[in-house]
Amino acid sequence: MVAPAVRLLAALAPVALLLAAPPLTGCGGAPAPRVCAGAGVCGAGYCVAGRCRPADALPAPLDARRMLLPPEDLAVLEQNGDAAPAVPDAAALGRASTGDVVLLLRFTPPFGEDAEIASAFVVLQPAPGAPPAGRALTLEVARILEPWRSATATWGRQPRLSVPEPAAIAPRRPVTPLRIDVTSLVRGWAKRRRDDHGIAILAPGNDAVGAAYTMGLSQGVGPQLEVYVR
């Protein structure tokens, strides 16, 4: 697993599943619902958008507005990658030969401080034609605590992060878009903290193949922030 100082569903069919998101705290608050990757692991609840939700959980209010935000800046930092800053066409998360990976994302939210965030996800699209990972991969998220730019960020020059927390499990199959629940982080943006500089997704390099996701440079759609706002 990445050291603390450096640690990176096709659209869910029923819209109700996409929106289901009881309050999540995490990242310093009460524990968020545990991560999952499919049915049969959540007891009496359901695995919805990568989290175990209560069986009686209601979808987000029908008046919630869906917003898709591309990153203002992104960087892919690979433990065994090139020393020079670069964003690849696709990032292989979890691949042992690549080593640990930290994906840095910065978004400019168009909603104000009074917006009520029903749920928020970072959505990663699988790279076209990429083989499935050898096994399911657990990913973590953290707040980025200091300014950074993709033009200068490398594995050896990366910003400080908050303590990472488990956020999603990328299943081996089916190879579908991955939603990583970042509701608690996006809700925290309303506080306008001076040490909020984006979202980091962390993946340990412990799989022979890894899960490849497009960065949207020459093919496919890159990472997006999917937010449901009231």
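R106 fulfils the conditions (1) farther than 22 Å from N206 by Cβ; (2) of a type in the set (K, R); (3) at pLDDT below 85 except for a single criterion, (3).
Filtered by the rule that a residue be assigned to a loop (DSSP other than H, G, I, E, B) and touching an Asp or Glu at 6+ places or on another chain (Cβ under 6 Å), the stretch 198-214 gives P204, G205.
Report whether or not A136 is among the small types (G, A, S) and at pLDDT 95 or above. Taking the combined requirement at face value, the residue does not satisfy it. The requirement of being in a loop (DSSP other than H, G, I, E, B), at pLDDT 85 or above and in contact with a His (Cβ under 6 Å, 6 or more places away or on another chain) is satisfied by P147.
Which residue is farthest from A64 (Cα to Cα), if the candidates are limited to the stretch 99-130 and must be surrounded by fewer than 14 Cβ atoms within 10 Å (Cβ to Cβ) and among the small types (G, A, S)? Checked the stretch 99-130; the qualifying residue farthest from A64 (Cα to Cα) is G129.
Scanning the stretch 66-85 for residues that are more than 20 Å from the chain's Cα centre (by Cα) and not polar (S, T, N, Q), we see that the one that is modelled with the highest pLDDT is G81.
So if I check each of A133, A167, which one is buried (at least 20 other Cβ atoms within 10 Å of the Cβ), touching an Asp or Glu at 6+ places or on another chain (Cβ under 7 Å) and either among the hydroxyl-bearing types (S, T, Y) or part of a loop (DSSP other than H, G, I, E, B) (or both)?
None of the other options fit; the residue is A133.
The values are calculated or read from the model by the stated rules, or taken from the named source; none is laboratory data. Here the structure is a predicted model, which means the values were calculated and not measured. Note that we place each Cβ from the backbone using ideal geometry, even for glycine, and neighbour counts take in every protein chain shown.
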